[in-house]
Structures are given as structure tokens and as C-alpha cells.
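The structure appears below as C-alpha cells.
We did not get these values from a lab; they are worked out from the coordinates using the rules stated. Fair warning: this is a prediction, and the values are worked out from it, not measured in the lab. Neighbour counts run over all protein chains shown; Cβ positions are idealised from the backbone, glycine included.
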Amino acid sequence: MDSAVKNQCCAADFMPVETLRDIQLTRLQKIVRHAYDNVEFFRKRMDDMQVKPDDVKTLTDIQKLPFSKKVDLRDTYPFGLCAVPMSEVVRLHASSGTTGKPIVVAYTKEDLDVWAEVMKRGLAGAGLSKNDIIQIAYGYGLFTGGLGAHCGCEALGATVVPASVGNTQRQVMLMRDFGVNGICCTPSYFLHLIEQAALSGIDMRELPVRVGIFGAEPWSQGMREQLEKGAGIEAFDIYGLSEIIGPGVAIECTEHSGMHVFEDHFYPEIIDPDTGEVLPDGEMGELVLTTLSKYAMPMIRYRTRDLTRIIAEPCKCGRTIRRIDRISARSDDMFIIRGVNVFPSQIESALLTVPGVSANYLIILTTENGMDNIELNVEMSPEVFSDQVKELENLQRKIVRAVESVIGLRIRIKLVAPQTIARSEGKAKRVLDQRQK
Ligand code: DLL
């Protein structure tokens with residue numbers, strides 16, 4: 001790794017593994033005690049399992065502790081999992097989710113410092129510095145994306161352009177006029193920005209922007225290629241969730257081979273989602289995270305529902321903190337079509353292997369003759385749209401084959417006209433579920 005880049009990064013990313021494990025254990029013991037003493041929910045769960053904070057003597061003792069889930073945040077809405085008095089809470093965020101009440105998360109001043117620190121470390125690892133101008137086009141507000149990235153950029157000392165989402169033409173104008181070098185937004189929104197720039201005669205590749213920090217939704221390697229080629233940038237995958245802190249739980253370094261988890265603050269485990277059994281490093285399963293240094297709302301063994309694996313082998317960049325692989329799917333995103341398990345992310349990966357196809361698509365689920373059925377609408381680019389019918393049929397056949405080779409099912413593909421699939425400013429909505437319940 002370039003030593004100039006390394007020097008900007010926090011030394012914590014490179015500490016000896018033994019030191020890291022010592023820090024993790026000390027922090028784990030302290031946070032478990034804090035949660036037990038101050039949150040009735042955790043105390044009761046631990047009492048039910050007959051485990052006390054003092055039983056955590058080694059890092060593997062974490063396995064004795066109970067899991068927590070999103071439903072626990074809903075059941076204790078809004079502040080039931082708070083472990084400090086409200087006078088210590090300086091910020092609230094919330095995530096709406098698809099059903100029922102939002103989940104609320106709280107931060108002390110020190111928690112915000114931790115958040116800014118991990119974001120800063122992530123941005124520095126992506127090669128950004130105080131010399132850069134960074135536009136934040138994640139939503140500001142209850143969603144953690146905007147303010148999380150904002151505080152990290154400020155901690156880095158960069159010049160922040162807090163654009164938030166929306167007003168796409170103005171976003172492009174700001175990028176051009178301010179000479180923005182770094183952009184933080186969802187990958188689907190950046191694709192939209194590239195398209196809109198082109199419509200106003202601006203080639204994003206000619207702007208100074210060179211780094212994109214993209215996350216908050218699953219995205220494939222094919223999408224990465226479209227974003228990097230379309231804007232002449234280097235794209236970094238960033239992962240996080242409101243319940244744990246927001247963006248900045250993990251992020252890629254310049255090696256782009258998995259996302260480094262800021263393990264000194266978030267302890268990762270992978271479990272079998274069906275049995276809850278802890279799986280060895282390298283095996284795919286559900287990511288479980290424990291916050292080691294967040295005091296307003298500590299989360300112990302939180303089941304994220306995100307499927308990935310831990311990559312324990314050392315990264316070429318020299319960081320000692322371990323990596324997780326790209327989030328391949330969420331366990332609750334899966335649908336079953338004709339007996340086959342299908343994840344939306346598999347469809348995107350397959351689709352984008354076909355040359356000339358853009359990442360604007362919509363998966364439509366319906367019920368036909370009492371069975372679940374799937375149709376994939378794919379938007380054509382203006383160039384493809386003007387092609388002969390024969391060529392369109394050819395493209396359709398290629399997509400059918402590409403999808404079949406990944407999911408093992410022949411599905412209906414409909415090619416739709418350019419600009420007919422709704423664009424999203426935040427997380428893209430890829431699935432329209434019209435199944436009869
Ligand atoms: O999406 C926090 C965030 C903001 C992350 C900006 C990265 C950038 P939530 O709204 O609570 O928080 O949604 C969290 O989004 O459990 C994953 O399912 C998904 N997700 C987040 N980042 C990624 C990613 C924010 N890089 C949920 N790849 C998580 C795939 C992601 N899925």
C-alpha cells in the first residue's frame with residue numbers, strides 16, 4: 001500500500017491482532033455489563049439463559065449470550081433499549097422498514113465520535129483526504145446515510161457538500177461547479193446521476209470526481225463496472241445498518257476484495273440462520289454484530305439478516321481487521337418460485353453479464369393459477385431501443401439464458417422503453433410484489 005495513503009489511515013486498522021483481541025475483550029466485557037445493568041430487555045434475556053456478565057471471560061464466551069433481532073427494537077419502541085438517561089442522548093435516527101413501526105436508534109456524544117471515527121477511517125482507506133471535496137447525496141434526516149457520511153467527512157477534514165438526495169440536475173451542477181472529487185450515495189442513485197448528466201450534455205467521466213462511496217443496498221459486480229466506466233471513478237462498497245451505528249460498519253479498501261469491519265468497535269460473527277450455530281470463518285451465513293463501544297443503545301449479538309462470510313486471510317493492504325464479503329442477499333429477501341429459492345441480487349448479477357443491458361430493472365412477482373410467478377422487466381438503453389425487432393428478440397433470449405444459468409429457472413423477460421422504470425433517490429426498489437396473500 002502507498003505509504004502516503006497508509007499514513008492518513010487510523011493506526012487502529014493496522015494494529016497487531018493480539019492487541020486487537022485484547023481491546024475487543026475489554027470492550028465486550030464492559031458493554032455486556034452496561035447492557036445488563038441498564039436495559040431490562042438484555043437483563044431478562046440473559047437471566048433466562050442463566051448467563052451473567054462475569055461469565056464473559058474470553059471472546060468465544062460471546063456465544064453464551066442471547067441474540068437480539070429487529071423485532072426486539074419494534075417491541076420496545078421507541079426507547080426501550082436505551083441504556084442511558086435521555087439527557088445523555090444527543091441524536092436519534094430511525095429506520096422505517098417495510099412493515100409496522102419504525103425502529104429508533106439513539107447516540108450519546110461519545111457514540112457520535114465513534115461513528116465519525118469509523119467513517120473517517122473508511123474514507124481515508126478509500127484514498128480520500130482533507131484535500132478533497134466530497135458531495136453527500138445520501139438522504140439527510142432520520143436515515144443514517146446522510147449525517148453519518150457527513151460527520152465522517154468533516155472528521156477527515158474534507159470539504160463537505162451536503163446535497164442530500166433529490167434535484168438530480170442540481171446535483172450534477174454542484175459536482176461540476178465545485179470540482180467534487182468524492183461522492184457518497186446509493187449505487188442506484190449514482191447510475192441515475194450519470195444518466196441525468198448525459199441528458200444535459202455532461203459526460204461524468206470529464207468531471208474531477210474520482211471516488212464513489214456506495215452502499216445502503218445490495219449491488220453486483222456488473223453494477224460496479226457500469227458505475228466505474230460510466231463516470232471514470234473507483235467505486236467502494238460501504239456497509240452498515242441503523243441498529244449498529246449506520247454507515248461505516250465495514251468498507252472496502254483499495255484492494256476491493258471484501259469490506260474491512262471496524263472490529264475494534266463492532267464484533268462480527270457468522271451463524272447458520274436456521275440453527276443459530278456459529279460458523280467458522282469463510283463459511284456463508286447470517287452476519288451477527290455486537291457493538292463494542294456504543295453506549296446509548298448497545299446491541300448484543302444482533303442478527304442482521306444479511307448473508308455474507310468472514311474473510312480471515314490477511315488483506316494485501318496490511319490492515320489486520322478482518323473483512324466480510326459483499327452482502328450477497330438478505331435472508332428475508334428470498335422468494336420461492338416453482339420450488340426454487342431466488343434472491344433479487346442473483347438476478348441482477350446474471351442480468352448485467354449481458355452486454356448492452358443497463359441496471360434499470362424491476363422484478364414483478366404475481367400469482368398465476370395459485371402459484372408464485374416471476375417476470376423481469378428490463379429497460380433498454382436508447383441505442384438498443386432503436387434496433388431491429390430481430391435484435392431485440394436476440395437480446396431477450398440472451399437475458400433469459402443468463403438468468404437461467406444462475407437461478408436455474410427460465411423466466412419471462414419483458415424489454416421496456418428507456419426511462420420507464422421509476423428511478424429511486426435512495427434505496428432502489430427492485431421487487432414489485434403483486435402476489436395474492
Ligand atoms: O442503509 C446504512 C447505510 C447508509 C449503509 C449508507 C451504507 C451507506 P439501514 O437503512 O438501517 O441503514 O439499512 C441497513 O441495508 O442491513 C443491508 O441489508 C442493507 N445494506 C447496507 N449497506 C449495504 C451494502 C443503512 N453495502 C440494511 N450492500 C442492511 C448490501 C447493504 N446491502
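Taking only C-alpha pairs under 8 Å that are 6+ residues apart, what is the relative contact order of the stretch 257-406 in percent?
After rounding, I find 16 percent.
Report for the chain the percent antiparallel among DSSP-assigned beta bridges with both residues inside it, nearest 5.
So the antiparallel bridges in the chain amount to around 65 percent.
Sorted from fewest to most neighbouring beta carbons within 10 Å, what does the list F42, F343 look like?
Placing the least packed residue first, the sequence is F343, F42.
Only helical DSSP H runs with n ≥ 4 go in: add -39500 (n - 2.57) per run for the chain, normalise by residue count and round the 222 nm mean residue ellipticity to 500 deg cm²/dmol.
Rounded to the nearest 500, the figure is -10000 deg cm²/dmol.
Pairs of alpha-carbon atoms within less than 8 angstrom and 6+ residues apart define the contacts here; what relative contact order does the stretch 4-78 have, in percent?
25 percent
Do the alpha carbons of any pairs in K101/K294; K70/K229; K120/K427; K52/K294; K120/K294; K70/K130 sit beyond 26 Å of each other, and which pairs?
As for pairs spanning more than 26 Å Cα to Cα, those are K70/K229; K70/K130.
Using Cβ contacts closer than 10 Å as the measure, can you line up S358, S405 from fewest to most? Don't skip to the end; give the middle numbers.
Values: S358 19, S405 10.
With the sparsest Cβ surroundings first, the list reads S405, S358.
Given DSSP loops and a limit of at most 12 other Cβ atoms within 10 Å, what is the longest stretch of the chain that contains no such GluC sites (Glu not before Pro)? Display every interim value, and only then the final one.
Working: sites that count: E277, E283.
The answer is 1-276.
As an exercise, find the ratio Rg/Rh for the stretch 1-93 from alpha-carbon atoms, using the Kirkwood inverse-distance average for Rh. Don't skip to the end; give the middle numbers.
Working: Rg = 17.3 Å, Rh = 15.9 Å.
Taking Rg over the Kirkwood Rh, I get 1.09.
Let me check the size of the stretch 91-140 from its C-alpha atoms; what are the radius of gyration and Dmax in Å?
Every Cα atom of the stretch 91-140 included, Rg and Dmax give 14.4, 44 Å.
Within a 10 angstrom radius of the beta carbon, how do T159, T304 rank from fewest other beta carbons to most?
Least crowded to most crowded, the residues run T159, T304.
Find the relative contact order for the chain and round it to a whole percent, using C-alpha pairs within less than 8 Å whose residues are 6+ positions apart. Could the numbers behind the result be given before it?
Numbers: 877 pairs, mean separation 61.8, N = 437.
Relative contact order, the chain: 14 percent.
Using a cut-off of 20 Å between alpha-carbon atoms, which lysines can reach K398, once sequence neighbours fewer than 8 places away in the same chain are excluded?
Answer for K398, where 20 Å is the Cα cut-off: K390, K414, listed by chain and number.
For the stretch 143-280, take the convex hull of the Cα atoms, compute a quarter of its surface area, and give me that in nm², please.
It is 9.7 nm².
Considering the alpha-carbon set of the chain alone, what are its Rg and its Dmax in angstrom?
In order Rg, Dmax, the Cα atoms of the chain give 22.3, 72 Å.
Tell me, what HN-Hα J-couplings in whole Hz come from the Karplus equation 6.51 cos²θ - 1.76 cosθ + 1.60 at θ = phi - 60° for each residue of the stretch 342-356, using x for Gly and Pro?
Karplus-based 3J(HN,Hα) across the stretch 342-356 equals 10, 10, x, 5, 5, 5, 4, 4, 5, 4, 7, 7, 8, x, x Hz.
Would you give the gap between the C-alpha center of the stretch 81-120 and the C-alpha center of the stretch 128-173, rounded to a whole Å?
That distance is 19 Å.
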